[in-house]
Amino acid sequence: MDKFHPSFLLSEERKKIENPEKYIPFLVSKNDVVAELGCGPGFYCQYLVKYAKQVYCVDKRKEMIEIAKKIAKNAIFLVEDASHTSIPSSSVDIVLFSNSFHDMDKKEKVKEEVKRILNKEGRVIIIDWKKENTPFGPPLSIRMSKEDYIKEFSPCFKLLKEFEVGPYHFGLVLQLNP
């Protein structure tokens with residue numbers, strides 16, 4: 001099976017590997033407005049809607065949003081590029097990138113958009129592939145390490161904490177600098 005096909009991206013196998021129920025409840029609260037940029041078929045959106053006040057699921061591929069709508073019923077779905085969304089300014093508490101930022105074009109514009117939509121105490125949660133050989137996943141050449149992310153998002157963001165995701169992934173929480 002293609003590891004980037006929606007059927008794998010929503011599979012029980014992926015759930016076992018990344019296990020969102022282990023950390024999402026500790027990262028997101030009932031008062032949070034969350035935007036997942038590059039949400040794909042909604043794997044994380046389905047968990048975010050359980051814990052957040054409001055969730056924006058954003059992906060530029062309409063076919064992915066159509067799949068996400070079936071599993072994350074209470075979200076707001078936007079077929080938009082992460083570099084330019086219709087999300088109101090300063091309205092989001094958390095932006096989530098799950099296995100997506102490393103593959104985005106226009107990273108600088110995406111970061112500007114993140115700063116625009118986040119409120120002044122906003123956080124960015126990054127869940128991504130470890131920069132090491134794994135049985136599947138994106139090519140090593142496009143993966144970003146934890147250090148790459150911290151450098152990429154500084155000086156506007158600082159590392160708040162790291163968290164465990166699974167054997168092939170890492171998690172970071174970055175805080176917007178005042």
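Quick one: would you say Asp93 is touching a residue at least 60 places away in the same chain (Cβ under 8 Å) and of a type in the set (D, E, K, R)?
Working: touching a residue at least 60 places away in the same chain (Cβ under 8 Å): yes; of a type in the set (D, E, K, R): yes.
Criteria met by Asp93.
For every residue, the table says whether it meets (1) among the aliphatic types (A, V, I, L, M); (2) in contact with a Pro (Cβ under 7 Å, 6 or more places away or on another chain); (3) crowded, with 16+ Cβ neighbours inside 10 Å.
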| site | (1), (2), (3) |
| --- | --- |
| Ile94 | yes, no, yes |
| Met104 | yes, no, yes |
| Pro139 | no, no, no |
| Asn177 | no, yes, no |
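So, in region 143-160, how many residues would count as being exposed (fewer than 12 other Cβ atoms within 10 Å of the Cβ) and at pLDDT 95 or above?
2
Taking Asp81 as the residue in question, decide whether it is closer than 23 Å to Pro25 by Cα and either part of a strand (DSSP E or B) or not hydrophobic (A, V, I, L, M, F, W, C) (or both). Explain how you work it out, then say what you get.
Details: closer than 23 Å to Pro25 by Cα: no; either part of a strand (DSSP E or B) or not hydrophobic (A, V, I, L, M, F, W, C) (or both): yes.
For Asp81, the condition - closer than 23 Å to Pro25 by Cα and either part of a strand (DSSP E or B) or not hydrophobic (A, V, I, L, M, F, W, C) (or both) - is not met.
Report yes if some residue within region 160-167 is without any contact (Cβ under 8 Å) to a residue 24 or more places away in the chain and under 30 Å from Asn31 (Cβ atoms); otherwise report no.
Narrowing region 160-167 to residues without any contact (Cβ under 8 Å) to a residue 24 or more places away in the chain: 161-162.
Checking the rest, the ones that are also under 30 Å from Asn31 (Cβ atoms) come to 161-162.
Yes, region 160-167 contains at least one residue that is without any contact (Cβ under 8 Å) to a residue 24 or more places away in the chain and under 30 Å from Asn31 (Cβ atoms).
The values are calculated or read from the model by the stated rules, or taken from the named source; none is laboratory data. Everything numeric here is computed off the predicted structure, so don't read it as measured data. Neighbour counts are summed over all protein chains in view; Cβ atoms, including those assigned to glycine, are modelled from backbone coordinates with ideal geometry.
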